[in-house]
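The values are calculated or read from the model by the stated rules, or taken from the named source; none is laboratory data. Values in this document were obtained by computation on a predicted structure and should not be read as measured data. Please note: Cβ atoms are built from the backbone with ideal geometry, for glycine as well, and neighbour counts cover all protein chains shown. Each accessible area value is taken on the protein alone, full model and side chains, heavy atoms only, with ligands, DNA and RNA left out. Shrake-Rupley method; radii C 1.70, N 1.55, O 1.52, S 1.80 Å.
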Amino acid sequence: MKPFTVLDAKAAPLMQQNVNTDIIIPIHRLRDVAQADLGPYAFEPWRYLPDGSENPEFFLNKPAYRGAEIVVADNNFACGSSREGAVWAMAGMGVRCVIAPSFGPIFFNNCFQNGVLPVVLPADVVADLAAAVEATQGNGKITIDLTRCVVIAPSGEETRFAIDAMLREGMLKGLDQIEQTRAREPQIAAFQARDRALRPWLYPQPPGA
């Protein structure tokens, strides 16, 4: 994963509640398309017209928001089925952060394993950020500073956000949970050695030992 420290980027508003993972990535694309190639199919039902051309009304197809790395979303973003492909697809189209009042819990956890930062802020703060992004038509950037755990609005106003310490460490270093565990192999080995001496009956000996 790419480390996430400070992101100063264009943002796009998607102020619709209960956007589900079936919209973010249709299930048949997970059967037919490799993970690295899912980006063009993110939000496919909304992103394209029946003839396959771009839907000009889709928020990330609008010139002001094209290429946005931050999505400002509404309540219960990415609810529904527990497909990790929803995060893969959004990451594949260049999204590195989603700000919302709440998330589907499985999507929320999957984000941290794939380098996408989900930020939970109060609904009124999210609404103000979306309004500011719309007012500037993509010219006013939002800054996500994970080193200080703050979101900086286009106006310069800062809002702190909470994040689990281990998940924050993983994002800052670009490590998923497996890689974080491997990074602690010396400490794990030292613990096992101490514990083996204290409680040898917990560690079966190989045959013939």
Being open to solvent by 20 Å² or more (accessible area, probe 1.4 Å) and in contact (Cβ under 8 Å) with a residue 40 or more places away in the chain is the filter here; which residues of segment 164-175 pass it?
Leu167, Leu172, Lys173, Leu175
Close pairs (9 angstrom Cβ cut-off, 6 or more residues apart or separate chains): under 7 Å from Gly85 (Cβ atoms) and touching a residue at least 40 places away in the same chain (Cβ under 8 Å) in segment 25-38, crowded, with 17+ Cβ neighbours inside 10 Å and among the aromatic types (Phe, Trp, Tyr) anywhere:
Ile25/Tyr41; Ile25/Phe43; Ile25/Trp88; Leu30/Trp88; Leu38/Trp88
Which residues, counting only those in segment 1-19, are modelled with pLDDT of 95 or more and under 19 Å from Gly85 (Cβ atoms)?
Leu14, Asn18, Val19
Tally up the residues in segment 185-209 that are open to solvent by 80 Å² or more (accessible area, probe 1.4 Å) and within 39 Å of the chain's Cα centre (by Cα), please.
6
What number of residues in segment 138-158 are hydroxyl-bearing (Ser, Thr, Tyr), open to solvent by 30 Å² or more (accessible area, probe 1.4 Å) and touching a strand residue (DSSP E or B) at 6+ places or on another chain (Cβ under 9 Å)?
1
Of those in segment 15-42 that are in contact with a Lys or Arg (Cβ under 7 Å, 6 or more places away or on another chain) and of a type outside the set (A, V, I, L, M, F, W, C), the residue least open to solvent (accessible area, probe 1.4 Å) is Thr21
Out of Glu134, Glu157, sole residue that is out of contact with any His (no Cβ under 9 Å at 6 or more places or on another chain), closer than 30 Å to Leu38 by Cα and of a type in the set (D, E, K, R):
Glu134
Taking only pairs six or more apart or across chains, which ones have beta-carbon atoms under 9 Å, a first residue in segment 142-159 that is more than 12 Å from Thr5 (Cα to Cα) and in contact (Cβ under 8 Å) with a residue 40 or more places away in the chain, and a second residue that is part of a strand (DSSP E or B) and small (Gly, Ala, Ser)?
Ile142/Ala9; Ile142/Ala11
Selection count, segment 59-86, where residues are among the hydrophobic types (A, V, I, L, M, F, W, C) and open to solvent by less than 10 Å² (accessible area, probe 1.4 Å):
8
Would you mention how many residues in segment 95-109 are under 19 Å from Leu172 (Cα atoms) and open to solvent by 30 Å² or more (accessible area, probe 1.4 Å)?
3
Mind checking which residues of segment 157-199 are among the hydroxyl-bearing types (Ser, Thr, Tyr) and over 22 Å from Val125 (Cβ atoms)?
Thr181
Asn55 farther than 22 Å from Ala165 by Cα and either free of Cβ contacts under 8 Å to residues at least 24 places away in the same chain or touching a Cys at 6+ places or on another chain (Cβ under 7 Å) (or both):
yes
